[in-house]
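Laboratory data are not the source of any read-out in this text; all were calculated from the coordinates shown. Here the structure is a predicted model, which means the values were calculated and not measured. Note that we place each Cβ from the backbone using ideal geometry, even for glycine, and neighbour counts take in every protein chain shown.
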Amino acid sequence: MPTIKVRAKLIENVQSIADNTRGHSIVLDLGAAKGGDNTGPSALELAIMSLADCAVTIFADVAKKSNIEISAMEVIAEADKPEDSPKLNGVTIKVTVKSKEREQKLNAVWRRTEANCPVVSIFQDNIPIKVEFETVAE
C-alpha cells in the first residue's frame, strides 16, 4: 500500500513549515488575532483549501476521461466553525462549472468526483488516527 508522508516542523511561535517529502513545502501560521504572525494559512484553512482543490482536480480529471470539455471551474468551500469550538459544524461547497455540456452530464461528473475525491472522504468518513508520541530530552 502506498504511503503519503508529510512532515511539519515548528519554526517559531506558532509558525511551521510542512513538506510532502518530495520537494514541496508551505508555511503555516495562525492569524495575528490568534497569536501568530499571519505568514501563511492555518492548518484548518489548509484543510479546507485542500478540500476545494481536490474537488477541482478530480472533477477536471473525471471530465477529461469522460471527454467532457470544461472551460472554467471554481469551487468555494466555506466551513462553519463556532468561535468557542475547535470542531467544524459543517462545510458548504459551491461548485461553478462553465461548459457547453448538458447539466445532467456535469452533475454525473460531480457525483463521480465526490465518490473519488480522497479529501472529501477524509471529511466524510471516520478515519482512525494512530499517534506515536515521543519525547526527547535536551
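Tabulated values for the structure
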quantity	calculated
Computed FRET value (nearest 0.05) for residue 124 with residue 66, which takes r as the C-beta separation and R₀ as 25 Å	0.60
Alpha carbon centroid spacing (whole Å) that separates segment 1-37 from segment 66-91	21
Most to least packed among 14-25, 50-61, 125-136 [average Cβ atoms within 10 Å]	50-61, 14-25, 125-136
Highest-MSF residue in the chain out of 45, 69, 83 [GNM, Cα springs under 10 Å]	83
For the chain, with +1 on Lys and Arg beta carbons and -1 on Asp and Glu, the positive-most of 107, 17, 128 along the dipole	107
Cα-centred dipole magnitude for the chain, charges only on beta-carbon of K, R (+1) and D, E (-1), debye, nearest 20	800
Calculated FRET value between residue 84 and residue 108, using beta carbons and R₀ = 35 Å, to 0.05	0.30
Of [x] 18.2, 63; [y] 13.2, 39; [z] 14.7, 51, the label for Rg and Dmax of the Cα atoms in Å derived from the coordinates	[x]
Karplus-derived 3J(HN,Hα), 6.51/-1.76/1.60, for each residue of segment 25-40, Hz, glycine and proline x	9, 8, 7, 10, 7, 8, x, 4, 5, 9, x, x, 10, 6, 8, x
Pairwise Lys count, the chain - Cα closer than 17 Å, eight or more residues apart or different chains	8
Residue among 30, 44, 88 with the largest mean-square fluctuation in a Gaussian network model of the chain, springs linking Cα atoms under 10 Å	88
